[in-house]
1. Cβ neighbours within 10 Å, averaged per peptide: list 85-94, 105-114, 276-285 in order, most packed at the top.
2. Only helical DSSP H runs with n ≥ 4 go in: add -39500 (n - 2.57) per run for the chain, normalise by residue count and round the 222 nm mean residue ellipticity to 500 deg cm²/dmol.
3. Express the Stokes-Einstein translational diffusion coefficient of segment 183-227 in µm² s⁻¹, to the nearest whole number, given a Kirkwood radius over alpha-carbon pairs, 20 °C and a viscosity of 1.002 mPa s.
4. Please list the radius of gyration and Dmax for segment 107-213, considering alpha-carbon atoms only, with Å as the unit.
5. Per residue, how big is the convex hull of the chain when only Cα atoms are used? Give it in Å³.
6. Using alpha carbons only, what's the Rg to Rh ratio of segment 180-302 with Rh from Kirkwood?
7. Out of all DSSP beta bridges with both ends in the chain, state the antiparallel percent to the nearest 5.
8. Using a 10 Å cut-off on Cβ atoms, rank the peptides 120-129, 38-47 from the highest mean neighbour count down.
């Protein structure tokens, strides 16, 4: 049975119309060794560390960690730190940073609209992927993820430093927001019982409603479970044991086997939108799916909405219920 919800929109009325982009699917060879349309290898970054340390705004390395203390223990030479708590959220409400705040953040670290930005972080690039998604949302096209993130770089005995760089502030003017990469609660409501694929990237225990959030996490929803019709493809299935992304062939098979195919529009979500940013990156940037949106409100919003449909259990669990 289809449940229709009337949910007020949170969309910005000054939406910019998307006119196309450069991202295309890549070969496994490009993903592993060269600069690609979305990834750079550790070797590529290592060769350009002098450029990253320069005050010239051609290249900036940005570290964004779940554990915000890691940067102080040592980071890539020339890298700046963005704190996901204070820098990548709206200052007053549960939302992405405002256009002005995001522009000020980038400009204060010497980033211009023409700067090549390479993002990396811990947990296989969780929050680095979220920053990448925000850059895409606000129209910065020249952005890449460091394959393997912080852990792979450190474990490979590549250079790190505790020196915090200081760069000349620059003017930054976003061209976005581009709403084609973002989903809102009304989009999710319309996706229920439609051909849009809903991908829940959380742990199985979160998906089936056993827990509302992983241990130690303080962002909660009122109820546990998942959006009706969603499939559970845990974010970690995208990466190998090294923390680097699996081959595009393996990734394509992973999603094809779950019915998430390139001919369908896709909405991905997690708890607060950071883990789902990694899956958005895989589907949109590595596999070249034409329509992938990240629902950054995610379960902390949906699981607390009055009247929103929720399912518990798993598809093969006869005890699973709708609510």
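Coordinate-derived values only; no laboratory data. As the structure is a prediction and not an experimental result, all values here were calculated from the model. Positions of Cβ are backbone-derived with ideal geometry, glycine not excepted, and every protein chain shown enters the neighbour counts.
1. 276-285, 105-114, 85-94
2. Working: 12 runs with 81 residues, N = 323.
Mean residue ellipticity, 222 nm, calculated: -6000 deg cm²/dmol.
3. Numbers: Rh = 11.8 Å.
So the translational diffusion coefficient is about 182 µm²/s.
4. When restricted to the Cα atoms of segment 107-213, Rg and Dmax are 18.1, 52 Å.
5. On the way: hull volume 42.4 nm³, N = 323.
Considering the Cα atoms of the chain, their hull volume per residue is 131 Å³.
6. On the way: Rg = 13.5 Å, Rh = 14.3 Å.
Computed over Cα atoms, the ratio is 0.94.
7. Values: 4 of 28 bridges.
That works out to approximately 15 percent antiparallel.
8. On the way: 120-129: 26.8, 38-47: 19.1.
Put in order of decreasing packing, that is 120-129, 38-47.
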